[in-house]
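Before I ask anything, here is the structure I am working with.
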Amino acid sequence: MLEAVERKTLYLAFAWVVALVATLGSLYYSEVRLFLPCELCWYQRIFMYPQAVILGLALWRQDFGVWPYSLALALLGGSVSVLHLTQEWFPGLFPLACKPPVPCSAEYIPEFPIPLQALIAFTLIALAMGLLARQARGERR
């Protein structure tokens, strides 16, 4: 059985890897594939990019108290992802959600939409932070 510190380190490392892959994937889409990000994509980036830095530093310093900050970013970013997916699936529902030149209803990868990829990443980070919080609370008892 894993020690409590090892388990917390594993949760933190997992969340950091997810955030890092999501950040690098986002940069790949915009800088290599030349996909223009829409307005909601920018908001999702605002909530994901700091995660790669914050979680990386927390992992390096073994700072397990980072979970409330990361969880807040993940929940807010995931909410934007849900809004974005709703805009893609029902384009007329939120007519003011995005402005030209790139509408939020544009799908670069219809088989696996980018906002769905972001939602999965935010969900995985939120789950890891929830497990980290539960582990931290269990140690205080």
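Do any residues in region 109-128 that are over 15 Å from PHE35 (Cα atoms) have Cβ atoms under 8 Å from those of residues that are open to solvent by 50 Å² or more (accessible area, probe 1.4 Å), where the two are at least six apart or on different chains, and which pairs are they?
Once the first residue is over 15 Å from PHE35 (Cα atoms) and sits in region 109-128, its partners that are open to solvent by 50 Å² or more (accessible area, probe 1.4 Å) give LEU119/VAL82; ALA121/VAL21; PHE122/LEU75; LEU124/PHE14; ALA126/LEU75; ALA128/PHE14.
Next question, about the same structure. Taking the criterion of being free of Cβ contacts under 8 Å to residues at least 60 places away in the same chain and either of a type in the set (Asp, Glu) or under 20 Å from TYR28 (Cα atoms) (or both), would at least one residue in region 85-99 satisfy it?
If we filter region 85-99 for residues that are free of Cβ contacts under 8 Å to residues at least 60 places away in the same chain, which is where we start, we get 85-97.
Then drop every residue that is not either of a type in the set (Asp, Glu) or under 20 Å from TYR28 (Cα atoms) (or both), which leaves 88.
So far as region 85-99 goes, yes, one or more of its residues are free of Cβ contacts under 8 Å to residues at least 60 places away in the same chain and either of a type in the set (Asp, Glu) or under 20 Å from TYR28 (Cα atoms) (or both).
On to the next question. Can you tell me which residues in region 30-52 are in contact with a Pro (Cβ under 8 Å, 6 or more places away or on another chain) and not polar (S, T, N, Q)? Can you show your working first?
Kept after step one, since they are in contact with a Pro (Cβ under 8 Å, 6 or more places away or on another chain), are these residues of region 30-52: 30, 36, 38, 40-41, 44-45.
Selection gives LEU36, CYS38, LEU40, CYS41, ARG45.
Give all pairs with beta carbons closer than 7 Å in which a residue from region 40-57 that is in contact (Cβ under 8 Å) with a residue 40 or more places away in the chain meets a residue that is outside any helix (DSSP H, G or I); count only pairs at least 6 apart in sequence or on separate chains.
If the second residue must be outside any helix (DSSP H, G or I), the pairs left are LEU40/ALA97; LEU40/CYS98; LEU40/CYS104.
Yes/no matrix, rows are residues, columns are (1) hydrophobic (A, V, I, L, M, F, W, C); (2) modelled with pLDDT of 95 or more:
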site: TRP60; (1), (2): yes, yes
site: VAL66; (1), (2): yes, yes
site: SER79; (1), (2): no, yes
site: GLN87; (1), (2): no, no
site: PRO91; (1), (2): no, no
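Okay, moving on. Being assigned to a helix (DSSP H, G or I) and either under 19 Å from VAL80 (Cα atoms) or free of Cβ contacts under 8 Å to residues at least 40 places away in the same chain (or both) is the filter here; which residues of region 1-14 pass it? If you could, list the steps in order and put the result at the bottom.
Let us first name the residues in region 1-14 that are assigned to a helix (DSSP H, G or I), namely 4-14.
Passing the criteria: GLU6, LEU10.
The values are calculated or read from the model by the stated rules, or taken from the named source; none is laboratory data. As the structure is a prediction and not an experimental result, all values here were calculated from the model. With ideal geometry, Cβ positions are generated from the backbone for all residues, glycine too; neighbour counts draw on all protein chains shown. Keep in mind that these areas ignore ligands, DNA and RNA; they rest on the heavy atoms of the full protein, side chains included. Shrake-Rupley method; radii C 1.70, N 1.55, O 1.52, S 1.80 Å.
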